[in-house]
Each structure stands twice: as C-alpha cells, then as structure tokens.
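Written out below as structure tokens is the structure these notes cover.
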C-alpha cells in the first residue's frame, strides 16, 4: 500500500437533489464513464487482495462503495460486470435488509439483505465491514466500539464464510481507540475519508453525483488528497472552486 488511489463511492442510481442532498447517488452512466476513463488512461482496478499485497502498478486504484445500498446491487453491479472491474463493498452487519435511517434527510433508502450480500460475494466482489449500525466511533463508549467492530465482523464472517479484512469507518470518523479496536479485531486495513493515520486510517477520495469528467479526472491526480485536506479548512472556498470548475446537473 502506498501509491494506489482509493476512491470512495456510496450508492449508484439516479435520485433528485431533494431526495439525495448529500450527492451520494452516482448515476450508472456516470459510473460507466468514469470507469471507462480510468481504463482508457491505463489505470489498473484492484481487488482487495491485490491492494493488500502492495505490489500493484503505479497507476492502480481500489474502488470502494460504502453502506451497501440495494441500488448499488441493482444498478452498480451490472456496470462493474460489464467492464470487468473489481470493487470492495462495505456493508452494515446490523442493518442488512434495513434502511438508511442514520440520515434524517434521506432515511428510506433500502440496504441489501443477507441474500444481497451473498449475491455480491458470488459476483466476485470483496464484501467488507462498515460497522453494525453506522454509529460514530470517535469518542464513543467501549460497548459501541465492540458492537460496531468485533460483533459486526463476526456477523459478517458468519454470513459470507470469510473473515473480513478491511474496515471503513462510518462518516470517516475515527480516533486512537477506534483504530486500536479495529486492529485488535484482526482487520488488515481500515479506511477513513480525508484524515489518514497510517494503515488503520487510510484516506480515500470521495466521488459524488456532482462530479464532472473534469473534476473526476482531477480527483485522480497525485496531489489531490493534499489539496483536499487544505481546502477542508475553508469549505466555502472548496465549494466555490468546485462550482467554477463545474458541477454535474441534478434534477
């Protein structure tokens, strides 16, 4: 692990701006165009196994999808199969078959159930752990950590027959106690969003529904993560720059 890019998606599908105020749903045609652009430019999409080995070509990318939305299974998986691109999906062990109730603005998006997880595994995707119920882990109590790390990992292993190797912190939210709990639970790597701290908080670049071809290409630049961290101290500036460069239209 080192030079590989790690991209973070959530759901795949077409939703209105009113229904999806966080821009989590990337339309399938956008996903198809982004993946084709990566392949055309010589990028190598990685399985989790290849990522963990760390012997990948310099232009390598790990695609990750958080939360385990049913829409990803319905509309994202066909795109990945069409282009023969691997991906890692992070699911919530305690909310399988449930809905996105942790987001008051959009609480009704269905999540994959146990059969959906099996279908993802059968399709060759790496299905990994995103916690139990999407709780914040930074500054939480030991019981919440145990439920969202140890218990979540055990339940996922019982379902898939595979010991989960990767963890994605809900909200990208972590602290020393959360990182220690993930390491002690036997995970080999954990992913945050923008703030990275070694192997158990690897940063990712978020891809959203408002990304254009240009902004997507920019997000694969080597310097982008550092620029994103700097701009994170001035959210209004970051939003303004995104608007100047371009935003994909929303309904």
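Numbers below:
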quantity: Of all residues making up segment 4-33, the number that are touching a residue at least 60 places away in the same chain (Cβ under 8 Å), over 14 Å from residue 71 (Cα atoms) and touching a strand residue (DSSP E or B) at 6+ places or on another chain (Cβ under 8 Å); calculated: 4
quantity: Hey, residue 16 within 19 Å of residue 109 (Cα to Cα) and surrounded by fewer than 17 Cβ atoms within 10 Å (Cβ to Cβ) or not; calculated: yes
quantity: Pick from segment 1-55, criterion assigned to a loop (DSSP other than H, G, I, E, B) and within 14 Å of residue 88 (Cβ to Cβ), ranking: modelled with the lowest pLDDT; calculated: 1
quantity: Counted residues, segment 144-165 - those being touching a helix residue (DSSP H, G or I) at 6+ places or on another chain (Cβ under 6 Å) and within 17 Å of residue 189 (Cα to Cα); calculated: 6
quantity: Residues located in segment 85-110, provided they are touching a residue at least 12 places away in the same chain (Cβ under 8 Å), over 23 Å from residue 4 (Cβ atoms) and touching a strand residue (DSSP E or B) at 6+ places or on another chain (Cβ under 8 Å); calculated: 92, 93, 95, 96, 97, 98, 99, 100, 109, 110
quantity: Residue match in segment 61-84 (condition: closer than 16 Å to residue 204 by Cα, part of a loop (DSSP other than H, G, I, E, B), in contact with a strand residue (DSSP E or B) (Cβ under 6 Å, 6 or more places away or on another chain) and free of Cβ contacts under 8 Å to residues at least 60 places away in the same chain); calculated: no
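Per-residue answers, yes or no, for (1) modelled with pLDDT under 95; (2) within 21 Å of residue 63 (Cβ to Cβ); (3) touching a strand residue (DSSP E or B) at 6+ places or on another chain (Cβ under 8 Å):
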residue: 176; (1), (2), (3): no, no, no
residue: 186; (1), (2), (3): no, no, no
residue: 189; (1), (2), (3): no, yes, yes
residue: 192; (1), (2), (3): no, yes, yes
residue: 219; (1), (2), (3): yes, yes, yes
residue: 222; (1), (2), (3): yes, yes, no
residue: 230; (1), (2), (3): yes, no, no
residue: 238; (1), (2), (3): yes, no, no
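The values are calculated or read from the model by the stated rules, or taken from the named source; none is laboratory data. Note that the coordinates shown come from a computational prediction; the quantities given were computed from them, not determined experimentally. Virtual Cβ from ideal backbone geometry, glycine too; neighbours counted across all protein chains shown.
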